[in-house]
1. Please compute, over every Cα-Cα pair in the stretch 464-585, the percentage with a separation greater than 17 angstrom.
2. If you line up the Cα atoms of the stretch 93-243 on their principal axes, what length do they span on each, largest first, in Å?
3. For the chain, what does -39500 (n - 2.57) per DSSP helix run (n ≥ 4), summed and divided by total residues, give at 222 nm, in deg cm²/dmol to the nearest 500?
4. Roughly speaking, what is the centre-to-centre gap between the stretch 355-393 and the stretch 523-542 when only Cα atoms are used, to the nearest Å?
5. Arg644 to Asp501: extension gain in nm, 0.36 nm per residue of separation minus the Cα-Cα distance?
6. Between Lys616 and Lys419, what length in nm is gained on full extension when 0.36 nm per residue of separation is reduced by their alpha carbon distance?
7. Run the numbers on the chain and let me know its relative contact order in percent, using alpha-carbon pairs under 8 Å that are six or more apart.
8. Take Ile429, Ile549, Ile79 and sort them by solvent-accessible surface of the protein heavy atoms, 1.4 Å probe, largest at the top.
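The values are calculated or read from the model by the stated rules, or taken from the named source; none is laboratory data. Predicted, not measured: the structure shown is a model, and the values here were computed from it. Cβ placement follows ideal geometry from the backbone for every residue including glycine, while neighbour counts extend to all protein chains displayed. Remember, those area values only see protein heavy atoms, side chains included, never the ligands or the DNA or RNA. Shrake-Rupley method; radii C 1.70, N 1.55, O 1.52, S 1.80 Å.
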Amino acid sequence: MTKMQTRQTGRVTRVATLAALLASAGLASADPGAMRSYRGLAMNAGGDRIAAVETVDGESKTSTGLVVRDSRDGKIVTIYPLADCHGCRLDTPSWSPDGKTLAVIGSDTKAGIAAVYVLRDGKMTALASVKGVASTARWSPDGRQIGFLATVGAKKLTGAVEAGARQVGEIGVAGDEDAQRVAVVPAAGGEVRLVSPADTFVYEYDWTPDGNGFVVTSAKGNGDNNWWIATLGHVDAASGKLRVLAAPKVQMNMPHVSPDGRTVAFIGGLMSDFGSVGGDVYTVPIEGGQPVDVTPGYKGTFNGIAWRGRELLASVLAGSDAGIASVDPAARSTRLLWKGPVTASGSRDGRFVFSADGKVAASVHEDFEHAPRIVAGRLGELAPVTRDNDDFAPQVAARSVTWTNEGHDVQGWLIGPPKVDPGKKYPMIVQVHGGPAAAATPRYVAAGDNGNPLARDLVRAGYFIFMPNPRGSYGQGSAFGSANRRDFGGGDWRDILTGVDAAIKHAPVDGERLGLMGHSYGGFMTMWGVTHSTRFKAAVAGAGIANWISYYGQNGIDQWMVPFFGATMYDDPAVYRAASPIESIKAAKTPTFVYVGERDVECPPAQSFEFWHGLKAMGVPTTLVVYEDEGHSLRKPEHQKDLRARELGWFDKYLK
């Protein structure tokens with residue numbers, strides 16, 4: 001273990017400044033029509049209080065704060081505001097066991113510091129800070145300590161989607177990798193202790209009920225790359241010793257210990273990105289052993305779990321619906337308690353949060369036509385408790401589309417203008433989600449830039465948008481989710497083409513004016529589509545993969561490919577080559593706009609350059625834009641706005 005002083009020389013001023021920024025302004029906006037968003041939901045043990053990080057977005061100002069509400073009527077009890085601090089953010093909050101105090105991580109990314117705060121009775125107190133990044137505050141069972149994840153001296157923000165550190169000098173030497181560790185600090189204030197081993201990157205953790213240790217998912221070496229081979233382990237709080245409990249072949253999320261301390265549950269499955277959670281529920285004894293799938297054959301995807309007694313309350317995605325299910329691990333049975341055609345979001349532990357007795361739940365819900373709102377109530381009786389966004393009118397019309405292909409049930413979303421002109425045929429854009437282990441779910445389309453602005457711009461310009469969830473996506477069970485293994489561009493592409501035919505039957509779409517677009521895996525599928533079909537007349541490929549052979553040696557996360565391809569590129573190059581769009585570049589005819597972030601770790605710019613070069617060599621109209629200092633996800637608002645304008649202009653040029 002390592003002890004680290006909370007107020008080191010030169011850091012006191014920065015922590016005090018961050019604390020002032022977190023507490024100096026109200027959460028409000030004078031802009032008419034300002035939309036409120038909610039994230040990082042937390043419910044206290046009694047179920048009568050909800051805390052969330054709330055943001056009010058207006059044309060002239062954005063205000064953020066941590067807001068505590070009464071779960072029964074949504075009335076605001078307390079606001080802990082975050083001032084206009086460029087780069088500052090609040091992480092998901094956590095209630096103390098007695099339900100009276102909150103803990104939260106506040107970060108100033110520009111200054112490169114993160115601090116642990118406790119919030120009570122309207123006051124915010126800084127307990128400790130780290131130079132680096134931190135997240136995931138969790139109270140010890142006795143309420144005397146607060147655990148969190150800390151990367152001291154981090155060279156980049158945590159996660160492969162963030163901009164990578166520049167690769168200069170000697171590469172691959174010892175000491176050039178960040179280690180995210182479990183840390184603890186007394187709730188009354190004091191020293192921070194880095195508990196878990198210094199050579200191990202911890203992805204997620206949970207306290208054991210006795211408070212003497214933690215269950216963790218972790219791996220040695222590069223944190224961005226090695227999550228796909230992480231093991232489940234136990235870390236002793238006193239010694240910091242790590243003991244491996246299981247090393248399953250599936251990817252893992254959300255490890256949690258049962259109240260009796262005997263069993264660890266986690267979500268396991270074929271997953272392509274840390275944070276994009278989906279699979280079945282597994283359990284393993286705390287002493288270690290072989291994990292057991294306790295939800296085998298379930299026709300849906302689990303994306304959150306919380307122990308309540310001997311059972312688990314789980315959030316699920318089943319087809320078009322988000323839902324809550326009760327899982328009995330002993331009986332290996334599942335009961336659906338609530339469902340609805342919405343996108344649900346909650347905390348790091350799932351899409352819903354629950355009271356200690358499991359009788360009260362809360363979540364943030366939205367769909368294409370309705371802006372985000374917090375819903376809460378007894379299980380099965382969830383109802384909106386916030387009305388801040390009730391005046392926002394639908395900007396689009398949306399429907400779920402289902403079809404069958406090659407024995408698979410497939411689902412997608414079709415959105416378009418609220419009113420269509422009789423007799424008119426509209427162009428349609430097919431938007432393929434990233435992943436592939438993910439799903440397109442309903443996100444509110446706002447009149448302003450608050451939510452889903454690309455969909456807004458396209459629909460306003462007269463397009464329908466079709467978002468399919470082909471095999472490999474979440475929502476239809478684990479067999480469906482792994483059905484594209486070693487078959488990228490095969491059955492998943494055929495599902496998309498069949499879905500396009502199904503969508504055209506439901507809307508006045510001109511089948512001769514189709515566009516194709518996507519980012520990440522969706523960028524790959526766009527590159528694949530334009531080299532395997534002439535059905536699409538324009539395309540936009542974002543952060544795609546043109547050549548799986550060269551990609552294997554270029555990207556910073558090559559471990560993710562092995563579960564999907566079954567072997568490394570060096571062991572089975574044929575399967576990688578067969579899925580490479582560049583192999584069929586001579587078949588490309590579709591004008592394609594290509595873009596990528598300069599410091600993309602997941603899908604390096606070289607892949608976009610290679611595809612752009614191939615299109616140019618074939619005489620296909622193409623443009624390539626590389627966004628400066630961006631990673632896999634574009635973060636800068638000016639770049640996001642520029643990209644939307646370019647995408648819309650490209651489709652207008654070739655489809656109008």
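1. Working: 4335 of 7381 pairs.
Here the long-distance tail beyond 17 Å is 59 percent of all Cα pairs in the stretch 464-585.
2. Principal axes ranked by extent give 50, 36, 24 Å for the Cα atoms.
3. Working: 10 runs with 99 residues, N = 656.
Value at 222 nm, helices only, nearest 500: -4500 deg cm²/dmol.
4. Measuring centre to centre over Cα atoms gives 38 Å.
5. On the way: separation 143, 0.36 × 143 = 51.48 nm, distance 2.66 nm.
Working it through step by step, the gained length comes to 48.8 nm.
6. Details: separation 197, 0.36 × 197 = 70.92 nm, distance 3.97 nm.
Result: 66.9 nm gained on full extension.
7. Details: 1766 pairs, mean separation 58.8, N = 656.
RCO, the chain: 9 percent.
8. Numbers: Ile429 0, Ile549 40, Ile79 65 Å².
Heavy-atom accessible area, descending, gives Ile79, Ile549, Ile429.
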